[in-house]
Each structure stands twice: as C-alpha cells, then as structure tokens.
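Below is one structure, written out as structure tokens; the observations come after it.
The values are calculated or read from the model by the stated rules, or taken from the named source; none is laboratory data. Just so it is clear, the structure is predicted and the values come from calculations on it, not from any experiment. As a convention, Cβ positions derive from the backbone with ideal geometry for all residues, glycine included, and neighbour counts pool all protein chains shown. In case anyone asks, the SASA skips ligands and DNA or RNA and just uses the protein heavy atoms, side chains included. Shrake-Rupley method; radii C 1.70, N 1.55, O 1.52, S 1.80 Å.
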Amino acid sequence: MTQRKILVTGGAGFIGSNFVHTLLENKSDISITVVDKLTYAGNFRNLERWKDDSRFLFIKSDIADKEDLFSKLEGHNFQEIAHFAAESHVDRSILGPEEFVKTNVLGTFYMLELARELHSAGKLKVFLHVSTDEVFGSLGEDGAFTESTSYAPNSPYSASKAGSDHLVRSYFHTYGMPVITTNCSNNYGPYHFPEKLIPLMILNCLQGKPLPVYGKGENIRDWLFVKDHCLAIDMAIQKGKYGETYNIGTRNEKNNLEIVELICSLMDKRHPEGAPHNRLITFVKDRPGHDFRYAIDPSKIEKELGWTPKYSFEKAMEETVDWYINNQDWWKEILSGSYESYYEQQYKGR
Ligand code: NAD
Ligand code: TYD
C-alpha cells in the first residue's frame with residue numbers, strides 16, 4: 001500500500017489536533033508532520049500521545065517566517081498538505097488585527113510557495129486549505145451560504161481568511177496547482193481553546209463563573225462537531241476536485257442563548273452542586289460588527305463527494321461536555337498559563 005505523507009499546519013490547535021487524531025487512530029499507512037508555531041492557541045499537550053509514534057513528527061515553526069519555514073521543511077517530500085494554521089478568534093482580531101494578516105495572509109502565501117516547489121518537483125497531490133463560512137459575511141433570517149455566495153467578510157479575522165482563500169484560488173488558476181478549499185461553520189468538541197463560546201461556557205459553569213452572552217444572545221451559528229469536520233476534510237483531500245471549494249456543515253443552527261442554556265442543563269445533571277447553572281448567564285456588551293447569522297448549505301459535498309455526518313448534535317454536545325469534565329488537567333494547565341512552556345521544557349532538541 002502506498003504511504004500517505006501529509007504535512008499538517010496548525011496541528012497543535014483545536015481542529016488540527018483532532019485531524020491528526022482522526023488520521024493516526026484510523027490509518028496505519030500514513031505519516032504526519034505537524035508544523036506549528038505554538039502560539040497561545042497551540043498546545044503540544046494536544047499531540048502528546050503521538051510523540052513516540054514513528055508515523056508522527058512535530059516541527060516548531062512560524063508559517064509567516066519564510067526562512068525558518070523553508071529551512072525546517074527542506075528535504076521533506078509531502079504529497080498532501082492540510083493547512084489549518086491561522087489566528088482564529090474574532091474578538092482577538094478586533095483588538096489586534098496585525099497577527100491575523102501576518103499568519104493568515106502572509107503565512108498562507110508562504111505555504112503556497114512551499115507547495116509550489118513540491119508541485120514543480122512533481123510531488124504534490126493536494127493542498128487543502130481550511131477556511132471559514134465567515135468569509136461570506138452575515139445572513140439575515142433566511143437562506144444559507146453556498147459555494148457561489150459572494151465574499152463579504154466583516155471582521156479582520158474573516159477578511160484575512162478571505163484574502164487567504166483568494167490566494168489559494170489564484171494558485172490553481174495561475175500555476176495549475178492541485179488546491180482545494182473548504183469553508184466550514186463553527187466547530188465544537190474536544191481540545192477547543194477556552195476563549196470560544198462553547199468551551200468557555202463549560203469551564204465557567206464548572207468554576208461557578210458568569211456566562212457572558214453578547215448582546216441578547218440571539219446571534220445564530222451553525223454548529224459542526226469537529227470529528228465530522230475532520231472526516232469531511234479527509235474526504236475532500238482524497239476525493240475533492242482541484243480548484244473547487246466545498247462548504248462543510250450539518251444544518252444545525254442554534255442561537256447563542258440556546259447553546260448556553262443547553263450547556264447549563266447538561267451541567268446541571270453532571271455537576272448538580274452548581275445547579276441551576278443558568279443563574280450564571282450574564283448579558284454583556286455586544287461584539288462590534290457582530291455577524292447576526294451563519295448557515296451552511298452542504299449540498300455540494302454531500303452530492304459530489306458522498307459526505308454525510310456521523311454524529312448527532314445531542315450526543316456530540318454530551319461528549320464535548322464530558323470531555324471537559326474528564327480532562328480538567330488539560331484546561332487547568334491552560335488557565336494557569338503553564339502549557340505555553342510545556343513543549344520547550346520537555347521536547348527541546350527532539
Ligand atoms: P486554533 O486557534 O485552535 O489553532 C490554530 C493553530 O495554528 C494553533 O496550533 C497555532 O499555534 C497555529 N498557528 C497560529 N499561527 C501560526 C503560525 N504563524 N505558524 C504556525 N502555526 C501557527 O484554530 P482552529 O479552531 O483549530 O482553526 C483551524 C483552522 O480552521 C483555521 O484556519 C480557522 O480559520 C479554520 N476554522 C475554524 C473554525 C472553528 O470553529 N474553530 C471554523 C471555521 C474555520
Ligand atoms: P465564537 O466562539 O467566538 O466564534 P465566532 O465568533 O467565530 O462565531 O463565538 C460564537 C458566538 O458566541 C458569537 O456569536 C459570539 C458569541 N459569544 C458570546 O456570546 N459570548 C462569548 O463569551 C463568546 C466568546 C462568544
């Protein structure tokens with residue numbers, strides 16, 4: 001059997017680490033190299049279980065530092081690149097957009113240049129760019145984003161992702177590169193950095209802290225379980241058509257208050273000493289330029305690649321809440337800040 005040699009950027013983050021787990025748990029004929037800068041959102045603990053596995057290699061590098069990136073990846077022959085690395089939090093992009101432009105735009109450009117070298121040498125099979133539905137802007141009450149929806153990004157985060165999507169597209173049209181872009185809706189699941197809605201609410205429930213809901217909690221997101229997303233990405237890598245984009249979602253729209261109320265009721269059963277957790281809900285000042293609604297129409301990936309989700313929202317939310325309850329060391333290390341030095345302390349020089 002031919003071995004798949006995959007480069008995963010941003011593999012120490014939330015979705016990237018779930019993607020590494022999905023592949024290494026299910027496939028033996030594979031080798032994965034993760035390149036990650038280990039920003040505040042990257043955590044080597046997320047990948048720790050694979051550190052002695054011969055199919056896994058970790059390289060610490062910044063995709064926006066061309067010299068460092070190219071020198072560390074020189075001589076590696078990847079057939080597949082799954083590009084997850086990004087600055088990913090909208091609120092941070094409002095406070096400081098520069099890192100978003102550097103990593104998401106410039107970093108994607110350098111990744112494409114690296115891929116172009118592999119393509120010229122006849123080695124690259126596919127460059128899969130992981131993007132977001134936020135590039136399409138905000139929806140009103142009706143309709144859903146399709147692959148032909150016009151781009152209308154509203155935050156520095158989504159604008160930087162839109163820029164990266166356009167660069168990826170251009171490498172197909174200009175250089176004939178085997179690129180594919182996926183645009184997905186909001187993910188949830190294990191290893192989610194606790195600044196995003198779902199993990200933040202779970203951890204605040206466990207700690208008896210206020211649950212800050214922006215505005216009236218009426219904004220709508222279309223929630224996708226991270227394990228379904230990872231399977232869809234792998235399918236797009238293997239079966240997707242070059243130059244195409246695929247929307248990934250599971251028709252699962254909820255407003256923020258519904259999500260927070262659901263987390264509270266799941267916590268009431270599991271953590272009765274804090275019940276009722278919805279007493280902690282606190283309405284706070286709205287996010288500037290807060291997109292009202294996102295919704296994905298996943299018909300294309302369903303019809304053309306035969307993708308269907310495996311997990312139900314109810315079960316996957318239970319699994320998610322249970323994961324944070326059962327992995328308190330993981331999040332306590334993050335909240336204490338000590339995770340940031342963990343890789344350097346343990347693995348320097350490996
Ligand atoms: P994350 O913030 O959890 O992880 C990002 C990872 O990228 C981290 O490990 C970080 O260290 C790494 N990274 C950041 N800058 C880097 C750089 N300059 N060089 C190398 N590595 C760098 O993000 P996530 O939620 O896992 O998102 C992964 C991808 O999916 C992103 O491209 C994001 O835009 C996209 N996406 C995420 C969601 C979601 O709901 N989380 C939804 C749609 C799209
Ligand atoms: P988030 O998880 O930051 O993802 P995104 O902004 O990329 O959609 O936020 C999801 C929704 O939850 C969004 O409408 C903002 C809202 N939100 C809150 O109400 N309170 C919070 O503390 C956070 C982090 C988000």
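Regarding LEU73, is this residue of a type in the set (A, V, I, L, M, F, W, C), away from ligand 2 (no atom under 16 Å from the Cβ) and within 16 Å of GLY13 (Cβ to Cβ)? When the stated conditions are applied, LEU73 does not pass them.
Checked against the criterion of being open to solvent by less than 40 Å² (accessible area, probe 1.4 Å), outside any helix (DSSP H, G or I) and over 26 Å from LEU23 (Cβ atoms), the stretch 118-133 contains not a single residue that satisfies it. The set of residues in the stretch 231-269 that are hydrophobic (A, V, I, L, M, F, W, C) and touching a Gly at 6+ places or on another chain (Cβ under 6 Å) contains only LEU257.
Residue pairs whose Cβ atoms lie under 6 Å apart, separated by 6 or more positions or on different chains, with the first residue in the stretch 27-47 and under 14 Å from GLU80 (Cα atoms) and the second of a type in the set (S, T, N, Q) and assigned to a strand (DSSP E or B), are VAL35/THR9.
Listed by first and then second residue, the pairs linking a residue in the stretch 267-278 that is over 14 Å from ASP322 (Cα atoms) and of a type in the set (Gly, Ala, Ser) to a residue that is exposed (fewer than 15 other Cβ atoms within 10 Å of the Cβ) and modelled with pLDDT of 95 or more, with Cβ atoms under 8 Å apart and 6 or more places separating them unless they lie on different chains, are GLY274/GLY208. Looking at ALA121, is it away from ligand 2 (no atom under 16 Å from the Cβ) and over 12 Å from TYR171 (Cβ atoms)? Considered against the rule, which asks whether it is away from ligand 2 (no atom under 16 Å from the Cβ) and over 12 Å from TYR171 (Cβ atoms), ALA121 comes out as yes. Please work out if TYR246 is over 30 Å from LYS303 (Cα atoms), of a type in the set (Phe, Trp, Tyr) and in contact with a Lys or Arg (Cβ under 9 Å, 6 or more places away or on another chain). Judged against the criteria, TYR246 is not a match. Those helices (runs of 4 or more DSSP H) of the stretch 269-350 in which 3 or more residues are loosely packed, with under 15 Cβ neighbours inside 10 Å and more than 16 Å from ligand 1 (Cβ to nearest atom) occupy 299-305, 313-326, 328-336.
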